[in-house]
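**Student:** My questions all concern the structure below.
The values are calculated or read from the model by the stated rules, or taken from the named source; none is laboratory data. Please read these numbers as outputs of a predicted model, since none were measured by experiment. Cβ placement follows ideal geometry from the backbone for every residue including glycine, while neighbour counts extend to all protein chains displayed. Note: areas computed on protein heavy atoms with side chains; ligands, DNA, RNA excluded. Shrake-Rupley method; radii C 1.70, N 1.55, O 1.52, S 1.80 Å.
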Amino acid sequence: MAVTISLSHFTLPTFLYFLLLSTSHLPIFAINITNLLSSYPEISDYANLLATTSVAADLAQRSSLTLLVVPNTFLRSSDLLNNRSPPSSSSSSSNLGDVLRYHVLLEYFSWSDLRLIPPTGKLVTTLFQTTGRAPNNFGSVNITRNVNSNSVTVHSPTSNATILGLLKTLPYNISVFKVDSLLVPNGFDLMASETRPPLGLNITKTLIDAHNFNVAASMLTASGVEEEFERDEGGAGLTLFVPTDEAFSDMSSSMKFQSLPAEKKAVVLRFHVLHSYYPLGSLESIVNPVQPTLATEQNGAGSFTLNISRVNGSVGINTGIVQASVTQTVFDQNPVAIFGVSKVLLPQEFFGKNPIGSGSGGGGESVVASPPEISLSPVNSPEIFSPPSHLSSPPILGKEVSSAANRKKGIFLWCIGFFYLLGTSH
């Protein structure tokens, strides 16, 4: 049965009503962050910093953001205001503003979004990156989720901050989360003494606290190489790839790893360590895939190297014998990064067709191979921390959404005029 609608009853006020109803779900483009935070006295110091810099004005022109705010208790204990340059300094406001911009994620996250973050972490671009002042493009943060406690932590190369809770949300426009520490971008000295972990990090304890790394922790203690690693934390830092307990249990018995003498087991452990600090972003965009390890330093150039590349959306590690992948971020704070890996990294020098010690040359020889190109430490390599483009929100997201909304409103206004003229003709 056909239904006939008389267009003469659709007056201009009627269409205005439907226009407002249809566009009520569109994003809010102008964010007044000062007003938004004014009703929360526990973050008044942080809100005041936003208002006294140009950051509040920057946020007014953007949407789809996540803002990390530091409550008064944590902000005051950080001595940020005492450590920065005097107000008369021209760089003071800029430095402070950039630290605050580092807490603005150019992507909207709800609580449920954060709980879906994979254990390996997710790289997210911050507002600081858009200024062009981020040293070596270190304007991104790595967000990780602890699979046991379900806690969410935001990592920078020099600091970590755990998310305490959701403060405010305007769905798909902005969410505001409280964090327990100030995040400091790489190259800033505002809180260097507080945010940089002391040399002598207890690696074994860190692994035990992370769970699922008990076998590796006991091997480090028994071999004595843990002390060696901790002595090497200075300078360029360390990156450790630690197999999970499942990785050890899944290892084929034909590999005869457990039958290795103690000195060779120690070499295998050194084979899991790079003598440079590489956060997750650096690994994902590493310049030279062939990387020397601590075992390389003891056995000669070209031996005991790892081939690191991006495979199926994660960091892959190829030893020539096994192909492993990074499964989670265990610890990431300059100068030490610890990542869980899916398999025990077995060097072909011990487990290949011509292992060291199997011939007449004895166990002291190393396999001859062409020396790999050694990439610069990520601190000295431009672009190396730049995250993949698909992992971050583009800076012009707000403009694109605004343009789409304007086109939609134009169509509605055209319809109003058309139906209004049609109605008045009757």
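**Student:** With the cut-off at 25 Å, tell me which of the pairs LYS256/LYS343; LYS168/LYS205; LYS265/LYS353; LYS256/LYS353 have Cα atoms farther apart than that.
**Tutor:** Beyond 25 Å between Cα atoms: LYS168/LYS205.
**Student:** Hey, another quick one. Using a 1.4 angstrom probe with every protein chain in place, what is the largest-first accessible-area order of MET255, MET219?
**Tutor:** MET255, MET219
**Student:** I'd like to compare 179-187, 262-270, 334-342, 114-122: which one has the highest average count of other Cβ atoms within 10 Å, and what's the full order after that?
**Tutor:** Packing proxy ranking, top to bottom: 334-342, 179-187, 262-270, 114-122.
**Student:** Determine the gain in length on full extension of the stretch GLU297-GLU42; use 0.36 nm per residue of separation and subtract their C-alpha separation, reporting nm with one decimal.
**Tutor:** Net length gain for the segment: 86.6 nm.
**Student:** Would you calculate the volume per residue, in Å³, of the smallest convex hull containing every Cα atom of the range 234-321?
**Tutor:** In the range 234-321, the Cα convex hull volume per residue is 127 Å³.
**Student:** Take each of the peptides 277-286, 101-110, 220-229, average the number of other beta-carbon atoms within 10 Å over its residues, and list them starting from the highest.
**Tutor:** Result, highest mean first: 277-286, 101-110, 220-229.
**Student:** Sorted by packing (mean other beta-carbon atoms within 10 Å per residue), highest first, where do 322-332, 56-66 land?
**Tutor:** Output ranking for 322-332, 56-66: 322-332, 56-66.
**Student:** May I ask for the net charge around THR130, where only other residues with Cβ less than 9 Å from the Cβ of THR130 are counted and Lys, Arg are +1 while Asp, Glu are -1?
**Tutor:** In short, 0.
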